[in-house]
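The values are calculated or read from the model by the stated rules, or taken from the named source; none is laboratory data. Everything numeric here is computed off the predicted structure, so don't read it as measured data. Heads up, the Cβs are rebuilt from the backbone with ideal geometry, glycines too, and the neighbour counts pull from every protein chain shown.
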Amino acid sequence: MINDKDILETLHMLQQEHLDVRTVTMGISLLDCADGNPTVSCRKIYDKICRKASRLVEVVEEIEKEYGIPIIHKRISVTPISMVAAASHASDLTPFALALQQAADACSVNFIGGFSALVHKGFTECDKALIRSIPEALAQTRNVCSSVNVASTKAGINMDAIAMMGDVIKQLAYNTRENNSIGCAKLVVFANVPEDNPFMAGAFHGTGEAECVINVGVSGPGVVKTALEKCTGDLTAVADTVKKTAFKITRMGQLVASVASQRLNVPFGIVDLSLAPTPAIGDSVAYILEEMGLERCGCHGTTAALALLNDAVKKGGVMASSHVGGLSGAFIPVSEDAGMIAAAACRTLSIEKLEAMTAVCSVGLDMIAVAGDTPAEILSAIIADEAAIGVVNSKTTAVRIIPVYGKTVGEEVEFGGLLGRAPIMALRPESPRKFIHRGGRIPAPIQSLKN
Amino acid sequence: MRAIITVTGKDTVGIIAKVSKTCAEYNANITDITQKVFDDLFVMIMLADTDRLSVRFTEFADRLSALGQANNLDIRAMHEDIFDAMHKI
């Protein structure tokens with residue numbers, strides 16, 4: 001018999017601390033859906049996704065009820081569409097995004113990711129076509145997510161791609177201006193992108209992956225925060241508390257992953273050990289940092305506190321899962337985290353501090369709203385800075401930034417649901433235009449030569 | 001399978017009777033019960049064998065949850081494995 005104290009602890013996590021599994025994501029290879037005719041290729045894509053994922057939502061909802069664990073999202077990730085669509089020689093890839101949307105609707109999933117291109121070393125013709133299609137494709141769809149990998153430690157930084165992405169983000173913001181430029185929340189620009197990430201907007205099914213896999217993303221900032229409320233010791237004790245809590249959260253994710261994999265007859269891929277916040281009060285990564293002793297997230301000391309948290313989450317989680325992957329660490333999406341929103345609103349949390357924080361956490365500048373009239377070159381330069389941090393430190397970094405059409409610094413934007421709300425953050429106005437328009441590729445750093 | 005049924009909420013007369021009645025109605029065999037009242041808060045943990053349930057487990061869990069809502073209580077029936085996974089190595 002399990003002891004009562006443990007049962008009540010789990011119950012408390014569920015009732016009071018927002019414990020949940022954030023997502024069960026089915027990765028599906030679409031490599032066999034390539035066709036010289038784009039219409040045929042789109043039909044193959046739709047058919048294959050529907051065939052593989054037809055039972056996903058039903059099975060996950062059954063697990064949710066049987067085990068009493070909320071599983072917030074059911075998602076699908078697919079092979080980067082720029083690879084699947086290449087054989088079609090299509091110049092506009094919007095129909096492929098529409099096919100993904102139709103498949104997402106048919107399977108009733110929350111998101112589908114993989115309208116993606118990997119261009120860290122250079123572009124294929126189809127990569128260029130996909131990137132140019134993003135503003136229209138994401139404006140015409142609701143649940144399709146897109147990502148572009150523009151840099152890697154091995155290849156360096158593709159500055160031509162980064163220059164393109166600044167324009168793409170601006171155009172996408174304009175195309176979705178009626179809804180606070182929400183399209184940009186579905187687009188993420190990566191360095192060192194993981195190929196098995198279950199979280200959106202960056203999920204896709206990498207080329208080294210199996211035909212079909214189940215990946216699970218856990219969550220649980222509220223549980224960690226509550227555990228730290230009872231910890232009065234030094235920072236070693238804080239790290240130990242986070243590790244123990246992350247272990248429990250991850251074990252739950254591992255169980256859900258194993259059961260889902262078994263019932264769907266699809267191999268288990270990875271558990272992503274991420275602390276993913278939501279805008280709900282008490283489900284915030286910023287509040288964890290404040291619980292450690294910071295007056296406000298963003299003050300001096302925030303980077304150190306986040307480094308401790310990120311490392312302890314990984315150490316606690318890694319023993320709880322047979323395969324760990326994806327992003328695995330703490331997320332710091334500004335609009336999706338009540339504490340980050342508050343810290344940004346009172347300007348304690350600046351974009352420069354967020355950039356420093358991305359050097360020690362699992363992702364990057366995430367869900368940051370900036371003024372709608374921000375020049376494309378500045379957006380590109382922000383991406384370049386993030387890519388440099390990722391490339392030099394051999395880690396994943398990413399940028400999901402929303403230049404909200406018609407909004408300026410001092411205003412706030414409401415995205416709704418899990419995407420939350422955000423104050424428009426100030427950027428440095430001086431221009432990096434010449435630097436961005438030099439183009440070319442920043443060479444891979446010396447630490448890439450490990451062989 | 002074995003299920004852990006937890007009941008929390010304001011203490012009133014007849015909570016155990018109501019939950020036990022629903023378990024019997026759906027053929028869930030209660031194998032262990034612990035129950036305490038802290039101040040005015042009622043906390044009960046039941047272990048039940050659900051192998052011979054007359055309905056699917058998810059429906060049984062729904063019925064208990066509905067019973068809880070009707071009586072201002074939080075009632076959850078959860079697969080035992082979730083607690084094992086989280087608290088045992």
Inset, instruction - Could you list, in sequence order, all residues of the stretch A:356-389 that are farther than 22 Å from A:Met340 by Cα and not β-branched (Val, Ile, Thr)? - result: A:Asp373, A:Pro375, A:Ala376, A:Glu377, A:Ser380, A:Ala381, A:Ala384, A:Ala387, A:Ala388
Inset, instruction - Name the single residue, out of those in the stretch B:67-80 being surrounded by fewer than 18 Cβ atoms within 10 Å (Cβ to Cβ) and in contact (Cβ under 8 Å) with a residue 40 or more places away in the chain, that is nearest to the other protein chains (Cβ to nearest Cβ). - result: B:Asp74
Inset, instruction - List the number of the failed condition for A:Glu9; all other conditions in (1) farther than 30 Å from B:Asp32 by Cα; (2) in a helix (DSSP H, G or I); (3) touching a helix residue (DSSP H, G or I) at 6+ places or on another chain (Cβ under 9 Å); (4) charged (D, E, K, R) hold. - result: (1)
Inset, instruction - Filter the stretch A:94-128 down to residues that are under 26 Å from A:Gly156 (Cβ atoms) and either of a type in the set (Lys, Arg) or touching a strand residue (DSSP E or B) at 6+ places or on another chain (Cβ under 9 Å) (or both), then give me how many there are. - result: 15
Inset, instruction - Please go through the stretch A:12-55 and pick out each residue that is part of a helix (DSSP H, G or I), β-branched (Val, Ile, Thr) and either closer than 28 Å to A:Gly269 by Cα or within 13 Å of chain B (Cβ to nearest Cβ) (or both). - result: A:Ile45, A:Ile49
Inset, instruction - Being among the aromatic types (Phe, Trp, Tyr) and within 14 Å of another protein chain (Cβ to nearest Cβ) is the filter; apply it to the stretch B:1-49 and report the residue that is farthest from A:Ile63 (Cα to Cα). - result: B:Phe38
Inset, instruction - Please find, within the stretch A:381-426, the residue that is surrounded by the fewest Cβ atoms within 10 Å (Cβ to Cβ) out of those that are among the small types (Gly, Ala, Ser) and part of a loop (DSSP other than H, G, I, E, B). - result: A:Gly410
Inset, instruction - Tell me, yes or no, whether the stretch A:12-24 has at least one residue that is surrounded by fewer than 23 Cβ atoms within 10 Å (Cβ to Cβ), touching a Cys at 6+ places or on another chain (Cβ under 8 Å) and of a type outside the set (Phe, Trp, Tyr). - result: no
Legend entry - Filter result for A:Glu58 (at pLDDT 95 or above, within 14 Å of another protein chain (Cβ to nearest Cβ) and surrounded by fewer than 21 Cβ atoms within 10 Å (Cβ to Cβ)): yes
Inset, instruction - Would you mind telling me which numbered condition in (1) closer than 30 Å to A:Gly417 by Cα; (2) away from chain B (no Cβ under 14 Å) A:Ile69 fails? - result: (2)
Legend entry - Only one of B:Phe57, B:Phe83 that is out of contact with any Leu (no Cβ under 9 Å at 6 or more places or on another chain), in contact (Cβ under 8 Å) with a residue 60 or more places away in the chain and at the interface with chain A (Cβ under 10 Å from one of its Cβ atoms): B:Phe83
Legend entry - Failed item, numbered, when A:Ala90 is tested on (1) over 28 Å from A:Val224 (Cβ atoms); (2) outside any loop (DSSP other than H, G, I, E, B): (2)
Legend entry - Search result, residues across the stretch B:1-11 that are farther than 13 Å from B:Ala77 by Cα and either part of a helix (DSSP H, G or I) or of a type in the set (D, E, K, R) (or both): B:Lys10, B:Asp11
